[in-house]
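Quick notes on the structure that follows.
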Amino acid sequence: MSPEGPEKLSIESWMRKSFQPLLGKVAAAFLRAGLTPNQVTLIGLVGTMIAAVLAANGKLWWGGLVLLLMAPLDAVDGAMARLRGKASPFGAFLDSTMDRYEELILLGGLLYYFWSLNNPLGMGLTYLAACGSVLVSYTRARAEALGLTAKVGILSRVERAIVLVLGLLFGIPLVSVGIIALLANVTALQRIAAVARQSQSNK
């Protein structure tokens, strides 16, 4: 049990548990093909860049489709490392770092899209979404560096990815960035509050 009490089952945990057999088969196939976990991580980055370019040029549905195909690679690379029995600190570091790049690159594509439409609301919400996304990951990383936990909140990376994919596929990116702009920052505040409670209890 964490210092904050029982941890609720997140969407990310549920998805990883539900699709674990399929992820294992895909991971094994990639390993047989000679790919490494780090290579799959970088393939995911390139795929996200393609999705961002498509979204930036108004091809929202295609961007959403590419993003939908690339998203599972974030779990596959970890499954590959476990199958190899060679999970490395650098691999985990690279995976987390590329996650941040991927999200910001995609939001950058949407920022350009809204700029091309002369939509200041969309640009502002995209900026706030980027701020919230960075702070969600930073607050957790900083807390863990201090020996605390901050794996709480209503909008983790997986939830944000789902919101973005749906927004692109249904052609409502403004709704997606609006949801993330609000709830990602709320999540960051939830994590700050969780760390504050733990700090008080440790006195």
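The values are calculated or read from the model by the stated rules, or taken from the named source; none is laboratory data. Keep in mind it's a predicted model, so treat the numbers as computed, not measured. Methodologically, a virtual Cβ is constructed for each residue, glycine included, from the backbone with ideal geometry; neighbour enumeration extends over all protein chains shown. Accessible surface areas use protein heavy atoms only, side chains included; no ligands, DNA or RNA. Shrake-Rupley method; radii C 1.70, N 1.55, O 1.52, S 1.80 Å.
Model label points for residue 127 and residue 86, set 7 angstrom from Cα along the Cα-to-Cβ axis, are 4.6 nm apart.
Between residue 93 and residue 118, the FRET efficiency from the beta-carbon distance, with R0 = 30 Å, is close to 0.15.
Protein heavy-atom accessible surface, 1.4 Å probe, per residue over the chain: 56 Å².
For the chain, averaging the sequence separation of C-alpha pairs within contact (under 8 Å, six or more residues apart) and dividing by the residue count gives a relative contact order of 24 percent.
Roughly how many Å is it from the Cα centre of the range 115-194 to that of the range 66-113, as a whole number? The distance from the Cα centre of the range 115-194 to that of the range 66-113 comes to 16 Å. Which FRET efficiency, nearest 0.05, do residue 172 and residue 138 yield, Cβ-Cβ r, R0 35 Å? For residue 172 and residue 138, the calculated efficiency is 0.80.
Note on the chain: with charges restricted to the Cβ of Lys and Arg (+1) and Asp and Glu (-1), its dipole about the Cα centre is near 420 debye. Grab the beta carbon distance between residue 182 and residue 105, set R0 = 30 Å, and tell me the FRET efficiency rounded to 0.05. Efficiency for this residue pair is about 0.90. The accessible surface of the chain, taken with every protein chain in place and a 1.4 Å probe, is 69 percent carbon and sulfur.
The listed peptides 149-155, 105-111, 170-176, ordered by packing as a protection proxy, come out as 105-111, 149-155, 170-176 (highest mean of other Cβ atoms within 10 Å first). Using only alpha carbons, the range 22-136 has a radius of gyration to Kirkwood radius ratio (Rg to Rh) of 1.06.
Taking every lysine pair in the chain that is 8 or more places apart or spans two chains, those with Cα atoms closer than 22 Å amount to 7.
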